[in-house]
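A short worksheet on the structure shown next.
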Amino acid sequence: MDLPLEDLDQALRSRAARVIPGGMWGHQNITRMPVGYPQYFSRAEGCRTWDANGRGYIDYICAWGPMILGYGDPEVEAAAEAQRRLGDGMNGPSARLVELAELVVDVVPHADWAMFSKNGTDATTACLTIARAGTGRRKIILARGAYHGAIPWCSPSVVGVTEEDRAHLIYFDYNDIASLENAVDQAGDDLAAILVSAFKHDLGKEHVLPTVDFARRARALADATGAALIVDDVRAGFRLDLGGSWECVGVRPDLAAWSKAIANGYALAAVTGNDRFREGATKIFTTGSFWTASVSMAAAIATISKLRRIDAVGIMTRMGQRLRDGLAHQAARHGVGLQQSGPVQMPLVLFEGDADRRLGHAFCLALLERGVYMHPTHTMFLSAAHTEADIDATLAATDEALAAVARL
């Protein structure tokens with residue numbers, strides 16, 4: 001007998017619990033969220049998603065970042081379907097590999113070459129490996145609390161991880177030049193790379209953009225020591241600047257890791273680098289059974305081309321600022337202490353004095369009831385599919401949600 005529509009999400013959770021460890025894994029496990037969030041979804045279009053129970057939302061998670069032009073963007077889907085009819089995973093890559101590499105090198109100012117894989121963790125790990133191959137050194141310095149993937153060298157969990165996995169990591173505090181310099185001194189003549197996020201986006205904490213002085217000092221220290229400067233642009237790539245997020249502060253890395261938005265939801269990641277690290281990239285062995293599959297590359301060509309043509313960064317900036325300004329006005333009117341941080345294209349909304357997340361959870365649950373999907377602690381995402389009408393509809397919901405928070 002068919003289950004009632006309202007029971008589908010819970011029924012899927014129960015089934016999953018029997019055949020999937022924990023019922024779900026990683027950051028998409030909804031048990032990490034307040035009770036009331038849906039785990040399963042049935043469809044998506046534009047900037048909207050519908051859960052398994054049929055409820056629709058204006059979406060500010062965007063599949064955790066990959067959706068940048070809109071779910072099911074017609075141009076991207078047409079390019080992917082055309083390539084699918086020709087072939088996807090074959091004995092070797094299609095011409096799309098070369099075409100995509102040429103496009104990326106054309107769009108990204110620091111890039112003399114590009115390599116492709118499937119996940120952000122693939123890309124950040126390859127960057128470290130290339131830096132070590134290119135320098136003959138071992139030490140990597142990175143910011144405390146930064147997220148660079150889900151693999152032993154950088155996983156936020158220490159379960160299943162040995163000290164040896166992280167033996168050559170040294171930590172500094174993001175935007176703290178003295179801390180960065182101290183980490184470089186600790187590495188000595190064994191420093192392979194300085195690894196930085198596009199901006200400080202630690203979970204549940206205020207997001208902070210890099211200062212120009214910090215970015216320039218990181219570049220100068222890499223130059224002085226012969227180390228690679230690596231920017232992890234997996235989360236922020238193509239939303240702040242098509243050429244790379246640190247273009248905004250006038251600093252170019254030697255290597256960069258990309259994924260999420262590069263193909264508007266199709267599985268793809270990339271490493272870009274300059275000629276100094278070209279030889280190192282040729283020496284390492286890195287591969288994957290699906291890394292040269294052509295459909296995602298065709299989707300990426302269509303995605304990047306459209307992002308450039310329509311000035312997607314400009315669209316997301318305007319829509320993000322409209323949302324931020326509206327929220328600030330509402331919070332002041334309701335007497336609610338709201339803390340908005342991060343770039344407007346990738347907002348984080350927290351509440352002052354909300355250590356137990358009670359206010360943030362109440363706010364987001366109230367939005368769910370009103371058809372808006374936000375996250376209480378994680379970076380959120382604007383897309384080029386969000387329109388003024390979507391932002392205004394969101395603000396109508398946030399006004400009511402903030403009024404409810406003010407009564408708590």
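Rounded, prolate or oblate: pick one for segment 223-331, where a ≥ b ≥ c are the square roots of the eigenvalues of its C-alpha gyration tensor, a/c under 1.5 means rounded, and failing that, prolate if a/b is larger than b/c, else oblate. Judged from the Cα gyration tensor, segment 223-331 comes out oblate (a/c at least 1.5, b/c at or above a/b).
Measuring r between the beta carbons of residue 369 and residue 15 and using R0 = 30 Å, the FRET efficiency lands at 0.70. On the beta carbon distance between residue 206 and residue 81, with R0 = 45 Å, the FRET formula returns roughly 0.60. Once the Cα-Cα distance is subtracted from the 0.36 nm per residue extended length, the residue 35 to residue 328 segment shows a gain of 102.8 nm. Along the Cα-to-Cβ line of residue 178, 7 Å from the Cα, sits a label point; which residues in segment 124-146 have backbone N less than 20 Å from it? Flagged as within label range: 142-145. Which entries in the list 118/306; 139/306; 205/306 go over 30 Å, if you measure between the two C-alpha atoms of each? Those over the limit are 139/306; 205/306.
Simple spin-label estimate for residue 144 and residue 357 gives 2.2 nm between the two label positions (7 Å along the Cα-to-Cβ direction from each Cα).
For segment 157-286, a/c is less than 1.5, where a ≥ b ≥ c are the root eigenvalues of the C-alpha gyration tensor. That puts it in the rounded class. Sequence-distant contacts, meaning Cα pairs under 8 Å at least 6 residues apart, place the relative contact order of the chain at 22 percent.
Within the shell defined by Cβ-Cβ distances under 14 Å, the residues around residue 250 carry a net charge of +1, with Lys and Arg each +1 and Asp and Glu each -1. Entry note, segment 316-393: relative contact order of 35 percent, from Cα contacts under 8 Å with a spacing of 6+ residues. Of 121, 211, 287, the sequence from fewest to most neighbouring Cβ atoms within 10 angstrom is 287, 211, 121. One decimal place: the segment residue 95-residue 216 gains 39.8 nm when fully extended, by the rule 0.36 nm per residue minus the C-alpha distance. Site pair residue 276 and residue 113 shows an inter-label distance of 1.6 nm when each label is modelled 7 Å from Cα along Cα→Cβ. For residue 289 and residue 165, the difference between the fully extended length at 0.36 nm per residue and the C-alpha to C-alpha distance is 42.2 nm. Taken along the Cα-to-beta-carbon direction at a fixed 7 Å, the label points for residue 105 and residue 189 span 3.5 nm.
Please give the Cα centre distance for segment 180-248 versus segment 274-348, rounded to the nearest Å. The distance from the Cα centre of segment 180-248 to that of segment 274-348 comes to 17 Å.
Taking the fewest neighbouring Cβ atoms within 10 Å as the starting point, the ordered list for 110, 329 is 329, 110. So what's the net charge close to residue 157: Lys and Arg +1, Asp and Glu -1, counting the other residues with Cβ under 13 Å from its Cβ? Around residue 157, the surrounding residues sum to +1.
Where a number appears in this text, it was derived from the coordinates with a stated rule and is not lab data. Values in this document were obtained by computation on a predicted structure and should not be read as measured data. We place every Cβ from the backbone using ideal geometry, glycine too, and count neighbours over all the protein chains shown.
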